[in-house]
């Protein structure tokens, strides 16, 4: 009876279709599944998306690619971190395609098979420079050129136009090779950013790709913390480590089996909240490793018992809401969700465990 | 070639012995292994400690207890979250001992076997109240009474003495039953806090149990981020999402295969640092999900190549140092360390993978 993370695969597929419906003519939508599908489970997500027609997946590391291959034998899998020293021979048996990021990676790969090429246009993170790209013949097996936007969630940032112009120069150099620039937010910058492939990740999982505007994506995750114990405390009694919360009145508290080890960031102490039904329940005291306490005084007593749920993410609290309260982005909320949470998957309107 | 988390089991055993050497006469030291051994791997840690003479382990959930049982068939395992509705019959086959936290849990357990009892003295989190405890006969099978300090890392907090007095009243009521009050920090409050068992967790893993004083614990973890790519950027060029770092001069950058999905909290963006050898390398730009960029301009070029390491935790940067930079506690740094990090274990001076 651990706390439960529900992942709505139908909503993920719906979000992928929403993106696909908005693409420029001829552009296709891949899906990004790195960090175990942003913490939600790469394998079941890949299977649901593959069934819906998604043929290309991006992950970060060789190990993630090997793990994903058995889930989607028929799909293309591209490894964003590329080929590291001594690992080229490990790609072939799993039909993994490296994103080559540097001259050493290009040399390491040689002509070992299909590959993608990452050209940096403003992240200064991975990728060869435009000048390097323009001096290079296409590596053998090159099937995709790719770049990545630094400020796609800020449509008015001049960086976006700058990167688009650099990207156009890359495409001109590698004529006839498919190209990809936009991830989630880039896709929503407009048709001219779409090129041949878009690579949505966070948007598939319900994170708003258009900061400050209505979210075009459906919510995907519901996080239900399980109540372990209900207690009443007297006025003046303190709660949790450091005694940082003091009850102003007699209060009823619910202690839930979830903590920062499960991804409820400790910085939400005395700031976060949950819902029991439609009642907002403030999080009181410091979040501990395995436990979090909520003030449930406002909740009807019949809704409070060991095993009852407090919703921490869902329709009333989005991933973006929790991220804002924690001073971060939805992406980090998702990847922080811990391994103790039981994952349950909704697929084609049926609820089940993974696989 | 993912980034690597080295866990020094010899240091954990050494820390456990350090604690044991400081205990009041007759007091014994258990070990807390919840949240998969604070993110470091409960099974190998339990085996090393059991070999060294530790016979009692605490974990949070039934699932953690089941997983740990096969690693240490001969040890006592106590489940801190206790027995949830309908789960009593699942404890026996794995010889797990519940910490009973409430009247419903006491009723649920009945006389199903050995049990511990948690009496709350000031956390308002789990546990029956002192008044409830004083009105109860000892539950059948009771072998330990336990409470938990809220402010043990602040020795001058009056809460500590208050809780000690309440605890004395509990012990008086349950005469002849062993008792435990102190976790890591409580152990260092002094001999009168030791009772029959102390329950160190974080201190075993190198977190300082005495805030603001020299750390009596040896460091346990070393985190080596692997360099994927080295690049030079011109003055004025920006780094990462949101272009939040701009190179003041021509700079050399190293992009490492580690990100917030691996537990390098995003709030360390533009604030954290690492070491290459004895050179401090500042973290520049925003941390991304799978990648982090460091300014390595000060590092000799022969130390910079794909596959080289940047130390993010170790002798030069402790878990507590990183926690301070991130505005949290070492406990959360440890439990945030992600599943992609390869865990390697040092045991009896030999390096190996787990198990």
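Please treat every number below as a calculation from the coordinates, not as lab data. Remember, predicted model here, so these are calculated numbers, not experimental data. Quick reminder, even Gly has a Cβ in these numbers, built from the backbone with ideal geometry, and neighbours come from all protein chains shown.
Counting alpha carbon pairs within less than 8 Å and at least 6 residues apart, what relative contact order, in whole percent, applies to segment B:221-352? Relative CO of segment B:221-352 lands at 27 percent. Note on segment A:1-65 and segment A:186-203: Cα centroid distance 15 Å, given to the nearest whole angstrom. Across chain B, the mean sequence separation of Cα contacts (distance under 8 Å, 6 or more residues apart), normalised by length, yields a relative contact order of 18 percent. Scaled to the globular estimate 2.2 N^0.38 Å, the Cα spread of the protein assembly as shown, given as radius of gyration, is 0.99.
Per DSSP H run of n ≥ 4, the term is -39500 (n - 2.57); total these for chain A, divide by its residue number, and report the mean residue ellipticity at 222 nm rounded to 500 deg cm²/dmol.
Computed ellipticity for chain A at 222 nm equals -6500 deg cm²/dmol.
A Förster radius of 35 Å, combined with the Cβ-Cβ distance separating residue B:342 from residue A:250, puts the computed FRET efficiency at roughly 0.10. For segment B:9-205, a/c is not less than 1.5, where a ≥ b ≥ c are the root eigenvalues of the C-alpha gyration tensor, and a/b does not top b/c. That puts it in the oblate class. Measuring nothing but how far apart in sequence close Cα pairs (under 8 Å, 6+ apart) lie, relative to its length, segment B:45-118 scores a relative contact order of 26 percent.
The stretch between residue A:143 and residue A:51 holds 30.8 nm of extra length on full extension. This uses 0.36 nm per residue minus the Cα-Cα distance. What FRET efficiency comes out for the pair residue B:235/residue A:213, r = Cβ-Cβ distance, R0 = 41 Å, nearest 0.05? It comes out at approximately 0.70.
Can you give the Rg to Rh ratio for segment B:93-219, taking only C-alpha atoms and Rh from Kirkwood?
Numbers: Rg = 15.3 Å, Rh = 15.3 Å.
Here Rg/Rh amounts to 1.00.
Cβ crowding within 10 Å, taken as a proxy for footprinting-reagent exposure, orders A:273, B:315, B:94 from fewest neighbours to most as B:315, B:94, A:273. Distance between the modelled labels on residue A:24 and residue B:162, one decimal in nanometres: 6.5 nm (7 Å Cα→Cβ projection). FRET efficiency for the pair residue B:350 and residue A:70, taken as 1/(1 + (r/R0)^6) with r the Cβ-Cβ distance and R0 = 56 Å, rounds to 0.95. Ranking of A:221, A:319 by neighbouring Cβ atoms within 10 Å, starting from the fewest: A:221, A:319.
Extension gain, residue B:4 to residue B:134: 0.36 nm times the residue separation minus the Cα-Cα distance gives 41.8 nm.
Arranged from fewest to most other beta-carbon atoms within 10 Å of their beta carbon, A:350, B:199 become A:350, B:199.
The calculated Kirkwood hydrodynamic radius for segment A:5-81 is 12.6 Å, given to one decimal from all distinct C-alpha pairs.
Calculated on the alpha-carbon coordinates, the convex hull of chain B measures out at 145 cubic angstrom per residue. Each 10 Å bin, from zero up to the one with the longest distance, holds this percent of the alpha carbon pairs of segment A:221-352: 13, 45, 33, 8, 1, 0. Our estimate of slack between residue A:280 and residue A:191, defined as 0.36 nm per intervening residue step minus the Cα-Cα distance, is 28.0 nm.
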